[in-house]
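> Take a look at the following structure, please.
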Amino acid sequence: MGNGLTSDYFELFGIEPRFDIDTAELSRRYRQLQQTVHPDRYANATDQERRLSMQQATRINEAYQTLKDPVARARYLLELAGEDPEGGQGSIQSPEFLMQQMEMREALAEARDQADPLAVVGDILDQVALRIRETTSRLEACFQGTHIDVDAARDLIGKLQFLYKLRSEAEQLEADLEDELL
Amino acid sequence: MALLQISEPGQSTAPHQHRLAAGIDLGTTNSLVASVRSGEAATLPDEQGRHLLPSVVRYLEDGNVVVGHEARAAEAEDPLNTISSVKRLMGRGIADVVHTGARLPYEFIDVDSAVPKIHTVAGDVSAIEVSAEILKALRQRAERTLGGELEGVVITVPAYFDDAQRQATRDAARLAGLKVLRLLNEPTAAAVAYGLDRSDGGVIAVYDLGGGTFDVSILRLNRGVFEVLATGGDTALGGDDMDRAIAEWIMRQAGIADDSGHHQMRRLMRDARAAKETLTSQDSASLDIELEDGSHWQGELTREQFDELIEPLIRKTVSTTRRTLRDAGVDVDEVNEVVMVGGSTRVPRVREAIGDFFGRVPHTEIDPDKVVAIGAALQADVLVGNKPEDEMLLLDVIPLSLGIETMGGLVEKIIPRNTTIPVARAQDFTTYKDGQTAMSIHVLQGEREMVDDCRSLGRFTLRGIPPMVAGAARIRVTFQVDADGLLSVTAEEQTSGVQASIEIKPSYGLTDTEIESMLRDSMEHAREDMEARRLAEQRVEADRVLEALTAALAEDGDRFLSVDERDDIESEMDRLADLRANGTVEQIKEGIRSLEKVCAGYVERRMNTSIRDAMSGRNVEEFE
């Protein structure tokens, strides 16, 4: 019996399991699926159908979030291949990467004392965005068809997680600064 | 336009009856109800032709309740029994409300409880009960105007409303005897009102500046699907701040002291408000202020001066808007449409500043006070089933992150804000002591790291964990948020095979028993009527189940079911039909449950097939 709850996320969306997916097509299919199962389509249905519809809509949201984001998608592909995506945490030992991180963190910590703190934070956000783009395209290169360079992918996933965290801290600081200035 | 069909008396040609549904904007200051009639959505006026219903409820000594204009008129004379702005109290404890700076002249009891009550001459009432009175008044208005009972309503809530506030709103509706088809975010309703769901698609920004709150939402529209990408706002920013800015300016000009009497201050605010309203259409407003010593101060406030006074406030909204765009991952020049909501968007400088920021003229064609109710009515019409071919679908996000308390008073986020709902997320935790058999779980909502800075939604305890060494148990905590943004939390011990699990309804809400007892209290009739009502409701539910299943079987029963399976289902259906006619409430409930059990596989197969068909671009009908 075909059960939509057991198929993997790529299968659910009817797309090939690979890293460089067409995200516009993914979004299109996502909306089409939600058109079919969303609880609003069952506003007048029985409780049983409403429960099932919520489960399916939940799963489709989860699948979409996973496939849309490059890091989540890379992790998911590693899991599908039977690899542990967490293995890369210890391997971020590149002194160059750690140095960059430290420099940006310091700049962020000192931003408040600068003449134009918002401009400083803005610069950092631009730099982080650039690094995220670079790292993501290197991550893409780790997935060639069915072959995966597992070690490199883990390492880049770890780096991207660092960069995401830094970005969210910088955004929080920017928001705080804007609030204080007003 | 389609030709009208005339049918023989008693023979309806309509494939289905027009079902009565309404959209309700349950506002802080005013509320409205709207409905779609002859294809047109409009707000419904009362018998005097007034569309706005002041959100004010007055309790009288004889137990009667007065809602609306009459209640508002009595506010000064009977402040303790006349409740206004109750929306600010929904889903809130006293401490939360005091924190937002709202002044509350009421006499509170149970102040420490999650659901505090207000003491009135007619007894103690909670915010939920007060809101239910407003909803009842709107329900009566709608049913009188539309000539029948409402089958369902869509109620709007601010996008920033947290789980407690949404739950409280839903409880109020139940208490008012309304079936809620959906709680809809106010900005989404506004976009629907402008028919943007029918446009080509793109990114829509909804800027909602009301009397006391500001709210901005970024939506994406694609083939009838609205996706809320991000929401942001400020719960203490709005037109009242503009009035205050003008009042302070007058005080400076007229040399009125800060510590002037209450009476003087109230009059000043009223004059300031009048000046603001004049300045929406005039270039200047003349002022004549009566001072405490009886003398008058006269002056003039120009549009230019006013614009300058409110500039900081507008800058603040623009900065929140910029941040929300970033949360949504959208550049300002990607925004295709801008929609203005809320009375304060009548101020010309607001329109101009927002137009400049987005580089396009904002939509202001629909009355900004009515636009939300109109959108809710359109959505209610679709959800109740009057437009089966309509493809409109609204995908919402949760406005605030959800998490649980961990060691050291820190919050571990489980679902981040702006995640599309419905959503479920699980996280594993463990015990920290040998032999620990219970674990307390504290659910929180908010963006900050410390428990004290977030809103507590409730606590519950998972008991019956098998004794193990510290760190060996695996307790999986699952958060499920439904399409209305309502949360349920489950905890389950995984390793032992013994599963202890508990589902909570966070502590601020009302339990089903409480709602039932409130309903009972509010019914003037005896207990038998209550029973009769429950029986009637259960019969409606049985009909719903039987109708849905009959339609499904006719459509694809042969495709999905073997002869035996179909026989099983049909004999359960006969049994339920019999119970429906002759059984008690409990017996009908049981009949529904056992029918659901036999057709569980069938219902699931149907839905899975519809998913696959959606992906292969075919409809179920094409198989026939």
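> Length gain on complete extension for the stretch B:Asp62 to B:Phe108, per 0.36 nm per residue less the alpha carbon to alpha carbon distance?
14.5 nm
> Would you list B:Asp396, B:Asp484, B:Asp78 from fewest to most Cβ contacts within 10 Å?
Going from sparsest to densest Cβ surroundings: B:Asp78, B:Asp484, B:Asp396.
> Can you give the calculated 222 nm mean residue ellipticity of chain B, where each DSSP H run of n ≥ 4 adds -39,500 (n - 2.57) and the sum is split over every residue, rounded to the nearest 500 deg cm²/dmol?
Calculated from helices alone, the mean residue ellipticity at 222 nm is -12500 deg cm²/dmol.
> Ok, one more. Identify the trypsin sites (Lys or Arg not before Pro) of the range B:387-484 meeting these criteria: DSSP loop state and at most 14 other C-beta atoms within 10 Å of the C-beta.
Listed in order of number, the matching sites are B:Lys433, B:Arg448, B:Arg463.
> Convex hull volume of the Cα atoms in the range B:149-212, per residue, in Å³?
That works out to 125 Å³ per residue.
> Which value in nm describes the separation of the simple spin-label points at A:Glu86 and B:Lys597, placed 7 Å from the Cα toward the beta carbon?
Once both label points are built, they end up 4.0 nm from each other.
> Now, a different point. Using Cα springs under 10 Å in a Gaussian network model of chain A, which residue among A:Pro95, A:Pro17, A:Pro85 shows the largest mean-square fluctuation?
For chain A, modelled as a Gaussian network with Cα springs under 10 Å, the answer is A:Pro95.
> What are the residues whose amide H is under 5 Å from the amide H of B:Arg37, where those residues sit 5 or more places off or on another chain and H is modelled from the backbone?
Under 5 Å from the amide H of B:Arg37: B:Ala42.
> Could you state the angle between the C-alpha long axis of helix A:70-80 and the longest principal axis of the C-alpha atoms of chain A, as a value from 0 to 90 degrees rounded to the nearest 10?
Here the helix axis deviates by roughly 50 degrees.
> Quote the charge dipole size of chain B about the Cα centre in Debye, to the nearest 20; the model charges only the Cβ of Lys and Arg (+1) and of Asp and Glu (-1).
800 debye
> Moving to a separate point now. Hey, got the average number of other protein chain Cβ atoms within 10 angstrom for residues in A:48-54?
Across the residues of A:48-54, the mean count of other-chain Cβ atoms within 10 Å is 6.
> At most 13 other Cβ atoms within 10 Å and a DSSP loop assignment: could you name the GluC sites (Glu not before Pro) in the range B:293-386 that fit?
B:Glu365
> If packing is taken as the mean number of other Cβ atoms within 10 Å per residue, what is the order of B:134-140, B:293-299, highest first?
Result, highest mean first: B:134-140, B:293-299.
> Give a residue-ordered list of calculated ³J(HN,Hα) values for the range B:34-48 (Karplus: 6.51 cos²θ - 1.76 cosθ + 1.60, θ = phi - 60°; whole Hz; x for Gly, Pro).
With the stated coefficients, the range B:34-48 comes to 9, 8, 9, 10, 6, x, 10, 8, 8, 6, 9, x, 7, 5, 8 Hz.
> Just to verify a number: FRET efficiency for B:Arg566 and B:Arg463, C-beta to C-beta distance, R0 = 51 Å, to 0.05?
0.70
> On each of the three principal axes of the Cα atoms of the range A:35-182, give max minus min coordinate, whole Å, ordered largest first.
Its Cα atoms span 62, 48, 21 Å along the three principal axes.
> Fewest first, what order do A:Tyr9, A:Tyr164 take by the number of other Cβ atoms within 10 Å?
A:Tyr164, A:Tyr9
> Turning to a different aspect of this structure: Stretched out fully, how many nm does the piece from B:Ala76 to B:Val121 gain, at 0.36 nm a residue minus the Cα gap?
In short, 14.6 nm is gained.
> Going highest first, how would you order B:40-52, B:315-327 by mean Cβ packing within 10 Å?
Per-residue Cβ counts within 10 Å, averaged per peptide and sorted highest first, yield B:315-327, B:40-52.
> HN-Hα J couplings of the range A:95-107 from phi, Karplus 6.51/-1.76/1.60, θ = phi - 60°, integer Hz, Gly and Pro as x?
Result, ordered by residue: x, 5, 5, 4, 4, 3, 4, 5, 4, 5, 5, 5, 4 Hz.
> Pairs of alpha-carbon atoms within less than 8 angstrom and 6+ residues apart define the contacts here; what relative contact order does chain B have, in percent?
12 percent
> On to the next question. Please list 3J(HN,Hα) in residue order for the range B:429-435, calculated via the Karplus relation 6.51 cos²θ - 1.76 cosθ + 1.60 where θ = phi - 60°; whole Hz, with x for glycine and proline.
Once θ is set to phi - 60°, the couplings for the range B:429-435 become 10, 9, 7, 10, 10, 4, x Hz.
> Which three extents, in whole angstrom, do the alpha-carbon atoms of chain B cover along their principal axes, largest first?
91, 78, 59
> Separate question: How tilted is helix A:117-141 with respect to the longest principal axis of chain A? Cα atoms for both, answer in degrees (0 to 90, nearest 10).
Helix A:117-141 sits roughly 50 degrees off the main axis of chain A.
> Charges on Cβ only, +1 for Lys and Arg, -1 for Asp and Glu, centred on the Cα centroid of chain A; of A:Ala115, A:Ser27, A:Leu163, which one is farthest towards the dipole's positive end?
Checked the options; the winner is A:Ser27.
> First check a/c for the range A:1-70, with a ≥ b ≥ c the square roots of the eigenvalues of its C-alpha gyration tensor; if it is under 1.5, answer rounded, and if not, answer prolate when a/b is larger than b/c or oblate otherwise.
Here the range A:1-70 falls in the prolate category.
> What GluC sites (Glu not before Pro) in the range B:123-162 are in a loop by DSSP, with at most 15 other Cβ atoms within 10 Å of the Cβ?
B:Glu149
> Also, quick follow-up: If you find the alpha carbon centre of the range B:152-214 and of the range A:1-68, how far apart are they in angstrom?
Rounded to whole Å, the Cα centres lie 24 Å apart.
> If you take each beta carbon of peptide B:235-244 and count the beta carbons of other chains within 10 angstrom, what is the mean?
0
> Would you list B:Val192, B:Val36 from fewest to most Cβ contacts within 10 Å?
Fewest-to-most Cβ neighbours within 10 Å comes out as B:Val36, B:Val192.
> To the nearest 500 deg cm²/dmol, what mean residue ellipticity at 222 nm is calculated for chain A from DSSP H runs of n ≥ 4 alone, each contributing -39,500 (n - 2.57), summed and divided by the residues?
-23500 deg cm²/dmol
A short reminder: the numbers here are calculations on the coordinates, not readings from a lab. Because the structure is a prediction, the values reported are computed rather than measured. Glycine gets a Cβ as well: all are built from the backbone with ideal geometry, and neighbour counts include every protein chain shown.
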